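The values are calculated or read from the model by the stated rules, or taken from the named source; none is laboratory data. Because the structure is predicted, anything quoted here is derived from the model rather than measured. Ideal geometry is used to build each Cβ from the backbone, glycine not excepted, and the neighbour counts take in all protein chains shown. To get the accessible areas, we keep the full protein, side chains included, count just its heavy atoms, and leave off ligands, DNA and RNA. Shrake-Rupley method; radii C 1.70, N 1.55, O 1.52, S 1.80 Å.
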Amino acid sequence: MKPYYITTAIDYTNAAPHIGHAYEKVLADVMARFQRLQGREVYFLTGVDQHGQKVQKSAMAAGLEPKDFVAGVTEKFVALWDKLDIQYDGWAATTDEKHVKVVQHILQTLHDKGQLYKKSYSGFYSVRQEQFLTDKERGPDGNFGEEWGEVVELEEENWYFKLSEHVDWLRAYIKSHSDFIFPAFRTNDVLNALENSVGQDLSISRPKERLTWGIPLPFDERFVTYVWFDALTNYISFAGYLAGEVGNEELPEFAKLWPSEAHVIGKDILVPAHAIYWPIMLHAMGFSDEQIPRLIVHGWWNVKGQKMSKSLGNVVDPNNVSDIFTADGLRFYLMRDMATGYDADLNDERMAMAYNKELAGGLGNLLNRALNMSHKYRGGVLTPGSYDDEVNAALRETVTSAPVRYAAKMNGWGIHEGIAEAWKIIDHANQFVDGTQPFKLAKDAEQGARLDSVLYHLAEALAHVSVLLSPIIPEACKKIQAQLNWQPAEGFALGDLKWGLLAEGHQLGSPSPLFPRVELTAE
Ligand code: MSP
């Protein structure tokens, strides 16, 4: 079976990472880990978008050369992904020579095929969005809205890509491939945007007088490549596209990876970049319909209903959140509080609740109780024995039926629902302790066999939970397994989750708090 090839958007290096960037990487990392858990080989590509006017502007403002400026910002992204346990296989940095060669090769090919032409254009240009604006972008008052930032009037010559030649193909492709965009409700936005863009071609160059920080056009030295054309190409250049032609042999084998099953992106960059430019670029390069990648479009994290922005001063630094609640605490909150595809609001109280009540109070407490009682009453040795009753059977049913429902939700990008399925085990096991009252059983010599079975059921349930939650909270799950003194064998997959992971006579490890409580002081 072909590896699961998953990518994220590559992040602009004009400013430090914020929690929106972190969400997307965690989402992709959770899916990558989940697919590995299903037994699939995975290739996870992420990286940084280092060229373009935004970056050139920020570098100038910082008094640095663009290359030194992006090196500094890139380091911050790399350090954050490390801190948040983002386990990627490939790193796409667009200043990488391997990428530059592929972009230039593609441009030359499109040029030779007659897909590019030069013309002069005058109009209004948004520096922030790096695009020319038309009257459609004007607000009801006739002005260009705040989202466009500084708008200047420009006349310039540029190279254009014949996007309009392929619009009919794209419309038909979208209509006949209902799974091209997830969630499907976003497809209408794309079809509408496509109707509005009929007849328009895409400017794929910027004159060097205005922008030097980009990939030079191979056939006209007065221009550099438009940043989106450069950036979108990362998904194929780092997957080994044209590796033989340009000497990128160390990259993966393209035919093995492509097409990507998941380009994970935010809703703001669906139209026009990912749903219009990108499939048309691939189509024009000669990719078949079967080689068009799938788009997974997530929503935005807002703060009190407002967009995060430097000017509002409400940008949340994921480093700070992770310092308070640990990397797993942040990963868990981001995954449980957003339904993939929809927006959500960042909320300090919910963050604290997710950590203190669910992770510490629900999961951590269960582990602690189970291990402490086993050590206290049985020296930490499990002896399931032959005792059974309906209460045990009910817990076993919850544990053994969870993986199928969990996998169905996770495969459909319902990460928060996957978590909820795993959590049913935790809730049930906590009720099981309250209901069976092991501390009372321990006082009654005749209840010894039942106590053994109760302690076994708790440890076994925790072993299952540590597998199901491992894509979401990997560090905590490793700690649970260390405390249980049990580890899934090399190559263990979801399908291997059967009752009886822990053997008769198994010696448990020692308990220690999984999620030490965080006291929050009101500001
Ligand atoms: N560089 C382009 C992407 C090129 S992909 C070929 C870009 N970069 S970005 O840094 O602005 O955004 C990177 C990703 O973070 C995008 O998918 C974007 O949607 C996502 N997010 C940025 N802010 C966000 C939130 N507030 N919430 C969730 N995701 C957000 O666009």
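Below, the figures for the structure above:
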| read-out | value |
| --- | --- |
| Long-range HN-HN contacts of V224 with modeled amide H, under 5 Å | R206, K208, L217 |
| Bridge type composition, the chain - antiparallel percent by DSSP, nearest 5 | 55 percent |
| Virtual spin-label span in nm between R517 and H375, 7 Å along Cα→Cβ | 2.0 nm |
| ³J(HN,Hα), Karplus 6.51/-1.76/1.60, whole Hz, each residue of the range 102-108, x for Gly, Pro | 5, 4, 5, 5, 5, 4, 4 |
| Label-point separation in nm, F492 to S178, each point 7 Å along Cα→Cβ | 3.9 nm |
| Added length on full extension, which subtracts the Cα-Cα distance from 0.36 nm per residue, V404 to N196 | 70.5 nm |
| Point-to-point label distance, Q507-T383, nm (Cα→Cβ direction, 7 Å offset) | 1.6 nm |
| Förster-model FRET efficiency, 22 Å R0, E137 and W300, C-beta, rounded to 0.05 | 0.65 |
| Taking the range 347-496 and dividing mean pair separation by its residue count, relative contact order in percent (alpha carbons under 8 Å, at least six apart) | 27 percent |
| Ordering of 507-518, 468-479 by burial proxy (mean other Cβ atoms within 10 Å per residue, highest first) | 468-479, 507-518 |
| Extension gain (nm, one decimal) between D444 and R396, 0.36 nm per residue minus Cα-Cα | 14.8 nm |
| Rg(Cα)/(2.2 N^0.38 Å) for the range 104-221, N = residue count | 1.23 |
| Binned Cα-Cα distances of the chain, short to long, each 20 Å bin given as a whole percent | 20, 48, 24, 8, 0 |
| Order by protection proxy (mean Cβ within 10 Å, highest first), peptides 10-21, 161-172 | 10-21, 161-172 |
| Estimated FRET transfer efficiency (A482, K310; beta-carbon r; R0 30 Å; 0.05) | 0.10 |
| Förster-model FRET efficiency, 22 Å R0, D68 and N320, C-beta, rounded to 0.05 | 0.25 |
| Where the range 347-496 is the region considered: accessible area per residue in Å², 1.4 Å probe | 41 Å² |
| The range 323-381-the range 99-155 distance, computed between alpha-carbon centres (Å) | 46 Å |
| Entries in K304/K424; K25/K424; K2/K83; K98/K478; K67/K208 that, when Cα-Cα distance is taken, lie over 28 Å | K304/K424; K2/K83; K98/K478 |
| Degrees separating the helix 448-468 axis from the principal Cα axis of the chain, which is the longest one | 10 degrees |
| Contact order normalised by residue count of the chain, Cα under 8 Å, 6+ apart, percent | 16 percent |
| Carbon + sulfur, % of accessible area of the chain - ligands and nucleic acids excluded, 1.4 Å | 50 percent |
| Relative contact order %, the range 91-170, counting alpha carbon pairs below 8 Å whose residues are six or more apart | 32 percent |
| Peptide ranges 295-308, 492-505 listed from the most packed, as the mean C-beta count within 10 angstrom indicates | 295-308, 492-505 |
